[in-house]
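The values are calculated or read from the model by the stated rules, or taken from the named source; none is laboratory data. Since the model is a prediction, treat every value here as computed from it, not as a measurement. All Cβ positions, even for glycine, are placed from backbone atoms using ideal geometry, and neighbour counts span all protein chains on display.
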Amino acid sequence: MPSPAVAFAAENHPRFLEELKELLRIPSISTLPEHAADCRKTAEKLAAELKRIGMEHVRLIETKGHPLVYADWLHAAGKPTVLMYGHYDVQPADPLDEWHTPPFEPTERNGNLYARGAVDDKGQMYMHVKALESLLAADGKLPLNVRVLLEGEEEVGGEGIAAYVATKPADLKADFALISDTELFAPGLPTLCVGLRGMIYTELEVRGAKTDLHSGMYGGAAPNPFVALAQIIAGLKDREGKILIPGFYDNVEAPSAEELAAWKSLPFDEEHYRETEVGSKQLVGEAGYSVLERTWARPTLEVHGMPGGFIGAGAKTVIPAKATAKISMRLVPNMTPAKAFAQYKAFVEEIAPAGVDVSVRLIHQGDPCLIPVDNPYIQAATKALHAVWGKDTVFIRSGGSIPIVGDLDRHLGLPSVMMGFGLPDDNLHAPNEKFNLENFRLGIESVIGFLEEAGK
Ligand code: BES
Ligand code: MN
Ligand code: MN
């Protein structure tokens, strides 16, 4: 027998889906200043909805950037308190011409909902809101105390929420956190994520001549900052993917033997992953480590783009005065952003070729995290997931980052339950992002079941 809340969710599912589509139509792209009003509009819409379903003390919390949304319901005396987290901001949608339907016109196709933010994280965050609505509507109360905290800057490093959490506000007093923003290891396989990589995101600028120069008149005598930049980048990593920054691996903590053994028994087909998810002719990376180790438990360094110089359609013979690169590093447990950045900066300055000046800027950072699983909340989660999915939960890590999760642990002592329902091929941050509609439905049921279980 489904609980009254699950029955309510089932009856109201078509409406839930339409509401999600409305949210997805707002292009709340946190990194683009021209979308700041869209971010605020999304926050206001969520606040209004939280109020409508019966949450209390609903308010926007202003930050230096996009606002946080807060709500609570604290009438379950003697029961634990959960802090439910999600983010309402999304990544930019480019390249637009690769989308089969427009990114901000949510479209159902083959059992999926396609839109920017469908799975990351509006759809997943909205599962929380709809689970709360279902419980409040069906039972007139919640099975435990609930605080909701939504942010609009996760995709740009989460500075605002980090500053707020660091003040340890009374409004965040809780026993554990529930995070909406992760994925299932495979379709139909209930999954809890117990580790995330941290990151430092940097911009490296190389300056040569005082102004752009004619490449015929000055080529041969003037330094070329793009060539220098390429030389620096090539010096950061060897051909196997090992990072060459001195001391970079010093603090890397290897996964335990138990964790590694558990990863070996996950249903992972490397060839299928290569072909269908990555789509390259070969996988690359550090020798001696499995793909899961390389993406979950090893630090990495990536180049995201190199703005500058001539990028028009034709040809222009110029030696640009400056070249830049956006470079990030993923960090694993026991590494710290401060140390990694200092090591990186010193090494870049050391290997820069003659004739150019380099400057290195830290754009944002986040700590890695590894969550202990021996607590009653993880147990309640696996029990609830079994009831909905009919299977034992697998514990995985993710190579991605959710900067606030480490802060919740460090500042507030909260263990996080990272229970997400995305799929590996959901195209996060890429064209044709989607959320599987069945996962949206079962995700709401799972969250309801988990809150009921955690409140027993
Ligand atoms: N939801 C992702 C992180 C994620 C992806 C977790 C896949 C688990 C599985 C999150 O929105 C994200 O993209 N984070 C950024 C953070 C960064 C900008 C600080 C990331 O990982 O690049
Ligand atoms: Mn996300
Ligand atoms: Mn994301």
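If only residues of region 378-408 that are of a type in the set (A, V, I, L, M) and within 21 Å of Y88 (Cβ to Cβ) are counted, the one that is nearest to ligand 2 (Cβ to nearest atom) is I402.
Residues are listed down the side, and each one gets a yes or a no for (1) within 16 Å of ligand 1 (Cβ to nearest atom); (2) on the phi > 0 side of the Ramachandran plot; (3) surrounded by 23 or more Cβ atoms within 10 Å (Cβ to Cβ); (4) not in a helix (DSSP H, G or I):
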residue: G355; (1), (2), (3), (4): no, yes, no, yes
residue: Q379; (1), (2), (3), (4): no, no, no, no
residue: A384; (1), (2), (3), (4): no, no, yes, no
residue: K391; (1), (2), (3), (4): no, no, no, yes
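Of the numbered criteria (1) surrounded by fewer than 18 Cβ atoms within 10 Å (Cβ to Cβ); (2) touching a strand residue (DSSP E or B) at 6+ places or on another chain (Cβ under 9 Å); (3) over 28 Å from V291 (Cα atoms); (4) not small (G, A, S), the one L408 fails is (1). Under the condition of being within 14 Å of ligand 1 (Cβ to nearest atom) and in a loop (DSSP other than H, G, I, E, B), the residues counted in region 155-189 number 8. Please go through region 55-79 and pick out each residue that is crowded, with 17+ Cβ neighbours inside 10 Å, part of a loop (DSSP other than H, G, I, E, B) and under 22 Å from the mean Cα position of the chain (by Cα). Within region 55-79, T63, G65, H66, P67 qualify.
Taken over region 415-440, the criterion of being closer than 30 Å to P376 by Cβ, within 13 Å of ligand 2 (Cβ to nearest atom) and either touching a Phe, Trp or Tyr at 6+ places or on another chain (Cβ under 8 Å) or in a strand (DSSP E or B) (or both) is satisfied by M418, F421, G422, F435. Here D425 does not fit the description of being of a type in the set (D, E, K, R), without any contact (Cβ under 8 Å) to a residue 60 or more places away in the chain and more than 18 Å from L83 (Cα to Cα).
Would it be correct to say that I327 is farther than 20 Å from F268 by Cβ, in contact (Cβ under 8 Å) with a residue 12 or more places away in the chain and out of contact with any strand residue (DSSP E or B) (no Cβ under 7 Å at 6 or more places or on another chain)? So I327 does not fit the description; no. The set of residues in region 193-204 that are assigned to a strand (DSSP E or B) and either free of Cβ contacts under 8 Å to residues at least 24 places away in the same chain or within 30 Å of L178 (Cα to Cα) (or both) comprises C193, V194, G195, L196, G198, M199, I200, Y201, T202. Being charged (D, E, K, R), surrounded by 21 or more Cβ atoms within 10 Å (Cβ to Cβ), within 16 Å of ligand 1 (Cβ to nearest atom) and modelled with pLDDT of 95 or more, is that true of even one residue in region 126-147? Within region 126-147 (the criterion being charged (D, E, K, R), surrounded by 21 or more Cβ atoms within 10 Å (Cβ to Cβ), within 16 Å of ligand 1 (Cβ to nearest atom) and modelled with pLDDT of 95 or more), the answer is no, since none of the residues qualifies. Within region 393-411, not a single residue is without any contact (Cβ under 8 Å) to a residue 40 or more places away in the chain and either more than 13 Å from ligand 1 (Cβ to nearest atom) or outside any helix (DSSP H, G or I) (or both).
In region 390-407, how many are within 16 Å of ligand 3 (Cβ to nearest atom) and either more than 18 Å from the chain's Cα centre (by Cα) or among the polar types (S, T, N, Q) (or both)? Summing the residues that are within 16 Å of ligand 3 (Cβ to nearest atom) and either more than 18 Å from the chain's Cα centre (by Cα) or among the polar types (S, T, N, Q) (or both) in region 390-407 gives 2. Remark: T182 matches the filter, which requires a residue to be touching a Gly at 6+ places or on another chain (Cβ under 6 Å) and under 26 Å from F435 (Cβ atoms). Taking region 205-308 and the helices (runs of 4 or more DSSP H) fully enclosed by it, the elements with 1 or more residues that are of a type in the set (S, T, N, Q) and at pLDDT 95 or above are at 215-218, 225-236, 291-296.
Matching residues to (1) more than 13 Å from ligand 2 (Cβ to nearest atom); (2) touching an Asp or Glu at 6+ places or on another chain (Cβ under 8 Å); (3) not in a strand (DSSP E or B):
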position: G86; (1), (2), (3): no, yes, no
position: D97; (1), (2), (3): yes, no, yes
position: H100; (1), (2), (3): yes, no, yes
position: F104; (1), (2), (3): yes, no, yes
position: R116; (1), (2), (3): no, yes, yes
position: G123; (1), (2), (3): no, no, yes
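Beta carbons closer than 7 Å, at least 6 apart along the sequence or on distinct chains, pair a first residue in region 276-288 that is under 14 Å from K242 (Cα atoms) with a second that is modelled with pLDDT under 95 for V284/G241; G285/G241; E286/E240; E286/G241; A287/E240. Pairs are defined by a Cβ separation below 7 Å, a sequence spacing of at least 6 or placement on different chains, a first member in region 120-145 that is touching a residue at least 12 places away in the same chain (Cβ under 8 Å), and a second member that is part of a loop (DSSP other than H, G, I, E, B) and polar (S, T, N, Q); the pairs so defined are D121/S180; Q124/S180; M125/S180; M127/S180; H128/S180.
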